[in-house]
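The values are calculated or read from the model by the stated rules, or taken from the named source; none is laboratory data. It should be emphasised that the depicted structure is a prediction, and the values quoted were computed from it without experimental measurement. Every residue, glycine among them, receives a Cβ derived from its backbone with ideal geometry; neighbour counts consider all protein chains shown. Areas reflect the complete protein model, heavy atoms only, side chains present, ligands, DNA and RNA absent. Shrake-Rupley method; radii C 1.70, N 1.55, O 1.52, S 1.80 Å.
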There are 4 protein chains.
Amino acid sequence: MIKVGIIGASGYTGEELARILALHPGVELTVATSRQYAGKKLSDIFPNLRKIVDLTVEDVVIDELVKRADLFFTAVPHQTAMGLVPQLLEKGCKVVDLSADFRIHDAAVYEEWYQTHTAPEYLSQAVYGLPELHRELIKKSRLVANPGCYPTSIILATAPLLKGGLIDPATIIADSKSGASGAGRGAAVGTLFCEVAEGFKAYKVAEHRHTPEIEQEIGKLAGRPVVISFTPHLLPMARGILSTIYAKLLPGVDGPQVRAAYEEFYRHERFVRLCGAGEFPATQFVRGSNFCDLGWKLDPRTGRIVIVSAIDNLVKGAAGQAVQNMNLICGLPEEMGLATVPLFP
Amino acid sequence: MIKVGIIGASGYTGEELARILALHPGVELTVATSRQYAGKKLSDIFPNLRKIVDLTVEDVVIDELVKRADLFFTAVPHQTAMGLVPQLLEKGCKVVDLSADFRIHDAAVYEEWYQTHTAPEYLSQAVYGLPELHRELIKKSRLVANPGCYPTSIILATAPLLKGGLIDPATIIADSKSGASGAGRGAAVGTLFCEVAEGFKAYKVAEHRHTPEIEQEIGKLAGRPVVISFTPHLLPMARGILSTIYAKLLPGVDGPQVRAAYEEFYRHERFVRLCGAGEFPATQFVRGSNFCDLGWKLDPRTGRIVIVSAIDNLVKGAAGQAVQNMNLICGLPEEMGLATVPLFP
Amino acid sequence: MIKVGIIGASGYTGEELARILALHPGVELTVATSRQYAGKKLSDIFPNLRKIVDLTVEDVVIDELVKRADLFFTAVPHQTAMGLVPQLLEKGCKVVDLSADFRIHDAAVYEEWYQTHTAPEYLSQAVYGLPELHRELIKKSRLVANPGCYPTSIILATAPLLKGGLIDPATIIADSKSGASGAGRGAAVGTLFCEVAEGFKAYKVAEHRHTPEIEQEIGKLAGRPVVISFTPHLLPMARGILSTIYAKLLPGVDGPQVRAAYEEFYRHERFVRLCGAGEFPATQFVRGSNFCDLGWKLDPRTGRIVIVSAIDNLVKGAAGQAVQNMNLICGLPEEMGLATVPLFP
Amino acid sequence: MIKVGIIGASGYTGEELARILALHPGVELTVATSRQYAGKKLSDIFPNLRKIVDLTVEDVVIDELVKRADLFFTAVPHQTAMGLVPQLLEKGCKVVDLSADFRIHDAAVYEEWYQTHTAPEYLSQAVYGLPELHRELIKKSRLVANPGCYPTSIILATAPLLKGGLIDPATIIADSKSGASGAGRGAAVGTLFCEVAEGFKAYKVAEHRHTPEIEQEIGKLAGRPVVISFTPHLLPMARGILSTIYAKLLPGVDGPQVRAAYEEFYRHERFVRLCGAGEFPATQFVRGSNFCDLGWKLDPRTGRIVIVSAIDNLVKGAAGQAVQNMNLICGLPEEMGLATVPLFP
């Protein structure tokens, strides 16, 4: 039984990791930390875990923690992660980092969008943890940078088209909408029920920090630097991201070619589901699951393709994908612990 | 592998059965029926089941269906069930009936609240399927009347106090609130999003059909006929029932006695969770699970106890409890297929 | 034009006051304070007020404020109010206080449920501001204690029956459910969208501070001390309170008597609407309005009456009622500025 | 007092018209029709109107109705409207038609997206009722084609830029999101609470019928035919449309130019509010009002502008704009009856 720990267990992502790991047959959750809630039972913070997870949350004392687990999930804010991850690696632990700190290969790009990077020497050993793109590298790595929620939904949606050279990368516009759990569990006026319910807004228009991460991965697929328009929005619901993505089709590209590209690319993928012609995904049909559902339509009037992708931001967009990465690193079956059916309604 | 079928698979309860059974390691779902959707794939009706359940919904032809399954869940409206269930039993199948048709032992009481009963001769062989109360009878039965959602939440909340003679049964008032999935998937103005969202109301005040079912079971526990006040309400959410129940404590009853009664009664129950002193359940912490969470408070000012219970109406209030009953009937471990962690947020 | 000010304008109640006063033809809003947001435009805090309210929020400097308004609404927490209100009164201003500080006539009772009262000498001049009960007193007062939201919904629902001696006051149970705006706009984990949405819970069971206020007013109507059971719940919606109230009917009381009592009591009330037989109120039909809708049912099986009342907690439960009180104090038509149609859906 | 009638009063748009007209000081609502609900009181269908609107809904008998009102709002489905409107006009009534039947000037275009047009001879006298664009024509017309909800949000957002020649019309992509009230009040599985809540999806991708209407008006502003990408989505909320619109800026266009264009264009508009730099609209801040809030951002990385607009789909997107048009036709002050403050939260 592989022992694993969660650093930063009091946020929604930490809780979701605990929820998934509690039933995972190949690992044992032995550590959960939270500075703020140290000393409390995890099931007192999240009563859904009552009678299921019997762990007391503790403060972060790396030297102690590393004795009790082989792999750690770091579910802490960016900037905090870059302080913890090197220590864990140096003590011989494997790490799946859910922050942004090791996702951007180029420290200069990171620093342009975030702040100074204090552990740039670890960037080269970090693998961008999107298994559908980088499975073999992940298997061999000790540090996985778990992708952002928005990037997961956008990269998976466009990868087959970019890889196949079917769209013009310079024309990509990603209009994304996320449930409020993506904003985390910190007390803030902006995410109070009354501020979010029965309302909808855009935020960080043309300046969201997930942009460089998306561009990095899309650029690799396109074989050249790409700049995209990306607008995130806040949905009046808890879970789910839906991205609507627009791009110009290259001349002569038709529907069968597009379908073939998606089917070929995702033929063996357990967690990607393709909608039939004329069907589109909806977040309520992936809720609580690690699925990414994809649908698309070619529009002959405009020469554009519209692609729609849906994920649960806390699962395929965070904790589920992190467990998928853990499975790969640890040599477990990739879908172990993730074979749930989306909860609808 | 035990083969099972769902009659009435296109409603929320039918879908929830499919969701649970899809991952159940002891049974195989071989039949799903729906008159309305016959010929469609179940995963086209409920896209959350894509890539997971590969069944085509068919019309109800009992003679054919019985060859393909050993046990049937009948998730059809009352009055329809009483026509189907006898046929299934006569063909040698076991039945977990999710309608109200076999819950009331006394046909006269049934007919007072519903309509004429056309199969009263089967009432005596039906067992009221609340495992925490009637486990041994269920194990031996071939026809389980799966409890209503509201009754489950109210009977489990009061059973230890009634059994222990700690409250006056004549003073019981149950104020219950349910999510909209309890109203089913039929197209109706009253359950449109815009009618339900950002709103709250009572309905069927002092005349809801679950009343006689609650009174029957509470009466058994109290050892005498009981009449209660029961008011259901419609919550602006999909899943969950919370019942707030009031009763006068009998003279001299104190807090430790009450706690002892609950702990004793539910000591070995996998699906009942007791809150600590000063804690109360919330529906969001049982969502998607078969748990019933219970909390209570003695109020010395009024001499009353207030009990609060929370269940997921589609799971412990319907499909989950039905699978629990199936497990008991079929000799499988009672919790098989039901060991999920509630989905929060 | 009467000049009025809002002390505590950055909460939901303060904002609601501004919303109503902005269109009120008889008064001018000249002052809005908030320690936290001093210096910001009110319409930057609440962008719904853009182009409508052009006030800059300022810090609370009583000596300055009193020069600029004749009447103040104090929409601050209890304990804060008792420090401010005496100063305002002494400077000759009229006050509608939306806190709990002046609602309880008996300082000892107040201190039992809240904390020490530092201005008990003002209690005797405060009028409990429920116009349907105390209109004439309000007209003559300079300090109105605006009722709590729950109390408004419960007292209006039971007043005709208590006044008429139709129910046994000792048997009253009030099960109330409130939207999240009642919890205020302070940043807190418990009222985050993800904690409240798709969920429902009871809180402060048998210990909510609105209890003594309800009992005081119900006791006056009953002509003797009354103790009630009161349970508040948190609804996954922003606005609205629905109270379901149970009581034993006194022997011989019948339906026509009950209806006559309600119709007589509320015959001339502009803001109370009685449902027809078999109809019940819903919060979505009073949203944004100052109405209190009432429905009820006699249950011959139990000898109880079930009364259901619905209000918008921010309007009739707070700001709307405060403006109604202001109109009375200032000699304006009682419904001035309050003649809105509930917003549905 | 001008007498007005609503044909089709049982849908959300009809109800919203009644809500607004009930308080309108310049008109009297004398007629409300609904085939389905004929004989019922409007306030029984919509209990928010209790004690406010005292009209009985009647069947549509044009010859009778025209005697009782001078102007009619036709809030019926397209195709039904084209049968009724000519009759009303011929009897001398004025009409504000809320259907799509008279919005498209070119019958051939209409028939391509809808179905056969049976009254094309009336298209030339219909004015597209967007007052901010066509105020003078509206004033003189007898038949106003009230704009669609999505078109209102998109045309107002782009008009200043198109008029000013600041963007390339061929690059316009409109990603729009609407609350569920836009889908109407018909009983349908797809708009049940449980299907819509906690979920989000795109629909009618690249084929929504509002497309030609948007292109017609945008084309007029651009001075040449325009083809756009338009994707509507369904939000888990009742009211509100937010459109996020992308376009390439023409070479050399900068921020101050863009702001000047918006300020100039909307300087005298009562119902358009411009956000400050770095601010964006949200639907919750226009709820229940006739406002259209606009914000935008230039993105130097991509050379695109992102414009965000928010309206209440039932008010500025339907009934409010219809009343604005009625005011213009009838020579009343344009904002009469529409001076409400958005309801937040």
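Is the stretch C:221-242 home to any residue that is more than 12 Å from chain B (Cβ to nearest Cβ), in a helix (DSSP H, G or I), open to solvent by 20 Å² or more (accessible area, probe 1.4 Å) and not aliphatic (A, V, I, L, M)? So that I can check it myself, show each step before the final result.
Of the stretch C:221-242, the ones more than 12 Å from chain B (Cβ to nearest Cβ) are C:221-224.
From what is left, the residues that are in a helix (DSSP H, G or I) are C:221-222.
If we keep only those that are open to solvent by 20 Å² or more (accessible area, probe 1.4 Å) as well, we get C:221-222.
Now restrict to residues that are not aliphatic (A, V, I, L, M): none.
No, that holds for no residue.
So which of C:L98, C:L89 is under 26 Å from C:P333 (Cα atoms) and without any contact (Cβ under 8 Å) to a residue 60 or more places away in the chain? Lay out the reasoning, then the answer.
Working: C:L98 fails: without any contact (Cβ under 8 Å) to a residue 60 or more places away in the chain.
One residue alone meets the criteria, C:L89.
Can you tell which of C:Q257, C:Q324, C:Q284 is within 17 Å of C:K163 (Cβ to Cβ) and polar (S, T, N, Q)? So that I can check it myself, show each step before the final result.
Working: C:Q324 fails: within 17 Å of C:K163 (Cβ to Cβ); C:Q284 fails: within 17 Å of C:K163 (Cβ to Cβ).
One residue alone meets the criteria, C:Q257.
Tell me which of these A:V31 doesn't satisfy, since it passes every other one: (1) within 30 Å of B:D293 (Cα to Cα); (2) hydrophobic (A, V, I, L, M, F, W, C); (3) free of Cβ contacts under 8 Å to residues at least 40 places away in the same chain.
Result: A:V31 passes all but (3).
Within the set of pairs 6+ apart or on separate chains, which have a first residue in the stretch D:200-228 that is modelled with pLDDT of 95 or more, a second that is open to solvent by 70 Å² or more (accessible area, probe 1.4 Å) and in a helix (DSSP H, G or I), and C-beta atoms under 6 Å apart?
Listed pairs, sorted by first residue: D:L221/D:K163.
Checking B:E15 against (1) within 14 Å of another protein chain (Cβ to nearest Cβ); (2) within 21 Å of B:S141 (Cβ to Cβ), which single condition isn't satisfied?
(2)
Take C:K204 and tell me if it is under 30 Å from B:G288 (Cβ atoms), surrounded by fewer than 22 Cβ atoms within 10 Å (Cβ to Cβ) and under 20 Å from the mean Cα position of the chain (by Cα). Explain how you work it out, then say what you get.
Numbers: under 30 Å from B:G288 (Cβ atoms): yes; surrounded by fewer than 22 Cβ atoms within 10 Å (Cβ to Cβ): yes; under 20 Å from the mean Cα position of the chain (by Cα): yes.
Yes.
Can you pull out every residue in the stretch B:141-168 that is open to solvent by 10 Å² or more (accessible area, probe 1.4 Å) and within 13 Å of chain C (Cβ to nearest Cβ)?
Answer for the stretch B:141-168, where residues must be open to solvent by 10 Å² or more (accessible area, probe 1.4 Å) and within 13 Å of chain C (Cβ to nearest Cβ): just B:D168.
In contact (Cβ under 8 Å) with a residue 12 or more places away in the chain and under 18 Å from A:P86 (Cα atoms), is that true of A:Y110? Don't jump to the end; show me each part of the working.
Values: in contact (Cβ under 8 Å) with a residue 12 or more places away in the chain: yes; under 18 Å from A:P86 (Cα atoms): yes.
The answer is yes for A:Y110.
Sort out which residues of the stretch A:143-165 are in contact with a helix residue (DSSP H, G or I) (Cβ under 8 Å, 6 or more places away or on another chain) and closer than 15 Å to A:D101 by Cα, and write them in order of number.
Once the filter is applied, which keeps residues that are in contact with a helix residue (DSSP H, G or I) (Cβ under 8 Å, 6 or more places away or on another chain) and closer than 15 Å to A:D101 by Cα, the stretch A:143-165 yields A:L143, A:V144, A:N146, A:P147, A:G148, A:C149, A:P151.
Given the structure, is A:E279 closer than 23 Å to D:P236 by Cα and of a type in the set (D, E, K, R)?
Numbers: closer than 23 Å to D:P236 by Cα: yes; of a type in the set (D, E, K, R): yes.
The answer is yes for A:E279.
So in the stretch D:58-80, with the set limited to residues that are hydrophobic (A, V, I, L, M, F, W, C) and surrounded by 24 or more Cβ atoms within 10 Å (Cβ to Cβ), which one is farthest from D:G320 (Cα to Cα)? Even if it seems obvious, please write down each step before you answer.
Of all residues in the stretch D:58-80, those hydrophobic (A, V, I, L, M, F, W, C) come to D:60-62, D:65-66, D:69, D:71-73, D:75-76.
Applying the additional criterion that residues be surrounded by 24 or more Cβ atoms within 10 Å (Cβ to Cβ) yields D:72-73, D:75-76.
Working: D:F72: 14, D:F73: 12, D:A75: 13, D:V76: 16 Å.
Among those that are hydrophobic (A, V, I, L, M, F, W, C) and surrounded by 24 or more Cβ atoms within 10 Å (Cβ to Cβ), it is D:V76.
The conditions are (1) in contact with a helix residue (DSSP H, G or I) (Cβ under 6 Å, 6 or more places away or on another chain); (2) part of a loop (DSSP other than H, G, I, E, B); (3) more than 14 Å from chain A (Cβ to nearest Cβ), and D:L328 fails exactly one of them. Which is it?
Of (1) in contact with a helix residue (DSSP H, G or I) (Cβ under 6 Å, 6 or more places away or on another chain); (2) part of a loop (DSSP other than H, G, I, E, B); (3) more than 14 Å from chain A (Cβ to nearest Cβ), only one is false for D:L328: (2).
Would you please name the residue that is farthest from A:K201 (Cα to Cα), looking only at residues in the stretch D:273-297 that are more than 9 Å from every other protein chain (Cβ to nearest Cβ) and touching a residue at least 60 places away in the same chain (Cβ under 8 Å)?
Checked the stretch D:273-297; the qualifying residue farthest from A:K201 (Cα to Cα) is D:C292.
Any idea which of A:P256, A:P251, A:P300, A:P333 is at the interface with chain D (Cβ under 10 Å from one of its Cβ atoms) and surrounded by fewer than 24 Cβ atoms within 10 Å (Cβ to Cβ)?
Numbers: A:P256 fails: at the interface with chain D (Cβ under 10 Å from one of its Cβ atoms); A:P251 fails: at the interface with chain D (Cβ under 10 Å from one of its Cβ atoms); A:P333 fails: at the interface with chain D (Cβ under 10 Å from one of its Cβ atoms).
The match here is A:P300.
Among the residues that make up the stretch D:87-109, is at least one of them of a type in the set (K, R) and more than 22 Å from D:E16 (Cα to Cα)? Reasoning before the result, please.
Here is the first cut: in the stretch D:87-109, the residues of a type in the set (K, R) are D:91, D:94, D:103.
Then keep just the ones that are more than 22 Å from D:E16 (Cα to Cα); that gives D:91.
Taking every residue of the stretch D:87-109 in turn, at least one turns out to be of a type in the set (K, R) and more than 22 Å from D:E16 (Cα to Cα).
Among the residues of the stretch C:187-199, is any closer than 28 Å to C:P160 by Cα, open to solvent by less than 20 Å² (accessible area, probe 1.4 Å) and at the interface with another protein chain (Cβ under 7 Å from one of its Cβ atoms)? Talk me through it step by step, then tell me what you get.
Looking only at the stretch C:187-199, we keep the residues that are closer than 28 Å to C:P160 by Cα, and these are none.
No, every residue in the stretch C:187-199 fails to be closer than 28 Å to C:P160 by Cα, open to solvent by less than 20 Å² (accessible area, probe 1.4 Å) and at the interface with another protein chain (Cβ under 7 Å from one of its Cβ atoms).
Rundown of residues vs (1) acidic (D, E); (2) out of contact with any helix residue (DSSP H, G or I) (no Cβ under 8 Å at 6 or more places or on another chain), yes/no style:
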{"residue": "C:S243", "(1), (2)": "no, no"}
{"residue": "C:D254", "(1), (2)": "yes, yes"}
{"residue": "C:E264", "(1), (2)": "yes, no"}
{"residue": "C:F280", "(1), (2)": "no, yes"}
{"residue": "C:R287", "(1), (2)": "no, no"}
{"residue": "C:N290", "(1), (2)": "no, no"}
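Please go through (1) touching a residue at least 24 places away in the same chain (Cβ under 8 Å); (2) more than 16 Å from C:F344 (Cα to Cα); (3) of a type in the set (D, E, K, R); (4) within 8 Å of another protein chain (Cβ to nearest Cβ) for C:K316 and return the number of the only condition it doesn't satisfy.
If we test C:K316 against (1) touching a residue at least 24 places away in the same chain (Cβ under 8 Å); (2) more than 16 Å from C:F344 (Cα to Cα); (3) of a type in the set (D, E, K, R); (4) within 8 Å of another protein chain (Cβ to nearest Cβ), just (4) comes out false.
Can you tell me which residue is nearest to B:P333 (Cα to Cα) among those in the stretch B:18-46 that are touching an Asp or Glu at 6+ places or on another chain (Cβ under 9 Å) and facing chain A (nearest Cβ under 10 Å)?
That would be B:L21.
Yes/no matrix, rows are residues, columns are (1) in the same structural domain as C:F271 (by TED's automatic domain parsing); (2) within 30 Å of C:V306 (Cα to Cα):
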| site | (1), (2) |
| --- | --- |
| C:L130 | no, yes |
| C:I138 | no, no |
| C:K177 | yes, yes |
| C:L192 | yes, no |
| C:R209 | yes, yes |
| C:G219 | yes, yes |
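Just the residues that are surrounded by 22 or more Cβ atoms within 10 Å (Cβ to Cβ) and assigned to a loop (DSSP other than H, G, I, E, B), please, taken from the stretch D:259-287.
D:F271, D:F280, D:P281, D:V286, D:R287
Would you call C:A319 touching a Pro at 6+ places or on another chain (Cβ under 9 Å) and under 30 Å from D:F193 (Cβ atoms)? Break it down stepwise before answering.
On the way: touching a Pro at 6+ places or on another chain (Cβ under 9 Å): no; under 30 Å from D:F193 (Cβ atoms): yes.
When the stated conditions are applied, C:A319 does not pass them.
When you scan the stretch D:307-330, do you find a residue that is open to solvent by 10 Å² or more (accessible area, probe 1.4 Å) and more than 18 Å from the chain's Cα centre (by Cα), even just one?
Among the residues of the stretch D:307-330, at least one is open to solvent by 10 Å² or more (accessible area, probe 1.4 Å) and more than 18 Å from the chain's Cα centre (by Cα), which makes the answer yes.
Run down C:L23, C:L89, C:L98 and say which single residue is of a type outside the set (S, T, N, Q), open to solvent by 30 Å² or more (accessible area, probe 1.4 Å) and either touching a Leu at 6+ places or on another chain (Cβ under 9 Å) or at pLDDT 95 or above (or both).
C:L23
Looking at B:R68, is it within 21 Å of B:V315 (Cβ to Cβ) and at pLDDT 95 or above?
Working: within 21 Å of B:V315 (Cβ to Cβ): no; at pLDDT 95 or above: yes.
Judged against the criteria, B:R68 is not a match.
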